[in-house]
Amino acid sequence: MDRMHVEEESMVALYQASLNGCVSTLNTLIQRDPLILNKLSLTSFSETPLHFAALLGHLEFTRVLVSKKSKLAEEVDSLGRTPLHLASAEGHTEIVKALLKANTSVCFSFDQDERIPLHFAAMRGRIEIIKELIIAQPESIRVNLNGDSVLHLCVQYNHLDALKLLVESNDCNEFRNSKDHDGNSILHLAVMLKQIKAIKYLLSLAEIRRDANAMNKIGYTALDVLEICPRDFKCFEIQNILNDAGLRRSTDLNSSLPLTQSRTVTIDEAQSRQPARSRFRRCWGFVFSSLAKHLKNQENWIEETRGALMVVATVIASMAFQAGISPPGGVWQPNTSSSTVGFNCREDDTCKDGKAVLSYAYSDDYQVFISCNNISFIASVCVLFLVISGFPLTTNFFMWFLTLAMNISVASMTFAYIYAVSLVTPIEVSSRYDALLEPLEYIWLGVIVIVTLIHIIRPLSWMVKKLRNFRRDSKTGRVENPTNV
């Protein structure tokens, strides 16, 4: 009974020494009982003293333990972690070296969450630890964690230096472009987490850039992933980076062959395959196919400004609605005879109640006002209807149409305002009002003309440019296959 009590006290003293890192106490206990380290497996403790020493960074204590019993480096705690797991997570480089010197096979030891020591080092960004683990077991970098490679862990925990070290330690294309359980590459993950520095670094690598348009399991490229992320200023910067690197959306990849595989043939070969097709028909076929591509998804700015469009269109529609039911000058309250107001109301000389007063007094100007107001109202309602109806508003055609509709609505509302003010302005001050308003009207008309010309010229210039490029390619003896445009 006394002997058992003594052994328990010795074991408690051993664990206390491991917590304090007291080497002298350890040596004393070993001298007193040479088998004390072998009796650790008989205790109820899940951790060994080496676990505590590795976790707390007691280097000399660790060296003595592994020198006396190297198998302690293989022991696991209740969570399946070896001392190397703990030292790797804490960043104790020298302790990691001592443990690896005792046994390098623990580099492949899994804890209950399927993590090896390298995973802990990558998750914590321990650069020096990663170096030592890779030197000891280079193949450990290929061990995945629930489908995630060690590269994914570096990106997930935002450790760029660790990512660079791992990428540069292995030039295998398959390793650098490894996918997680959802089919996401490390570029997908970096874009998803909006890590700008990591994205720039990855796109600087030829192997990553070559497969940058790879899709995950749900068919999304890295650019598609960015579009479903919450929008902020980082998104615009990342989008510019991806566009500059030549990344494309999955819809663009599905609608055409990859750029590196676009098919070109000589004119003689094209004529031999289709001898009955004239040069004129080929030109127009190219133009129409190019125009069809132009109408497909290019930019997502409409989706980004959907809320702003709805607000502006709602405000203008509300203004037009109010101006329509409450026209300038008001409405007749009771029926009024022409003799009372001093002008002819109708053939029966009666101005009907509820009708606009100025529609009788100045019928021509009122007709212009109400026409402009109606145009503004209809254009705004059309924009609202298209925005909330679920149409593919990211296409160039709808971008052009919605912009044109909003321009028409704003222009019509401006003219309606001008005529409304002129209708309610007294004759004695109308001359001064007209003198002030006339130059402003010309300026506004000039702005409208310029904007209209831009909307007309932009698609025309694009078509002319495409046709010119086609003719230039034809002269050099190469014709791009229109079906791949």
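Listed values, structure above:
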item: Filter result (crowded, with 20+ Cβ neighbours inside 10 Å, closer than 23 Å to residue 100 by Cα and not hydrophobic (A, V, I, L, M, F, W, C)) within the range 134-154; result: 149
item: One residue from 201, 157 being of a type in the set (Ser, Thr, Tyr), farther than 30 Å from residue 103 by Cα and assigned by TED's automatic domain parsing to the domain that holds residue 84; result: 201
item: Failed criterion for residue 458 (all others in (1) farther than 29 Å from residue 329 by Cα; (2) at pLDDT 75 or above hold); result: (2)
item: Qualifying residues in the range 379-391 (those that are touching a helix residue (DSSP H, G or I) at 6+ places or on another chain (Cβ under 7 Å) and of a type outside the set (Val, Ile, Thr)) - the one modelled with the lowest pLDDT; result: 391
item: Test result for residue 85, free of Cβ contacts under 8 Å to residues at least 60 places away in the same chain, surrounded by 21 or more Cβ atoms within 10 Å (Cβ to Cβ) and either closer than 15 Å to residue 21 by Cα or not assigned by TED's automatic domain parsing to the domain that holds residue 127 (or both); result: no
item: The listed residue being at positive phi and not in a strand (DSSP E or B), out of 94, 132, 114; result: 114
item: Qualifying residue in the range 24-43 (condition: under 50 Å from the mean Cα position of the chain (by Cα) and small (Gly, Ala, Ser)); result: no
item: Residue match in the range 211-219 (condition: under 20 Å from residue 159 (Cα atoms) and surrounded by 15 or more Cβ atoms within 10 Å (Cβ to Cβ)); result: no
item: Some residue of the range 218-241 being closer than 24 Å to residue 109 by Cβ and among the charged types (D, E, K, R); result: no
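The values are calculated or read from the model by the stated rules, or taken from the named source; none is laboratory data. Treat the numbers as computed from the prediction; the structure is a model and nothing was measured. Neighbour counts are summed over all protein chains in view; Cβ atoms, including those assigned to glycine, are modelled from backbone coordinates with ideal geometry.
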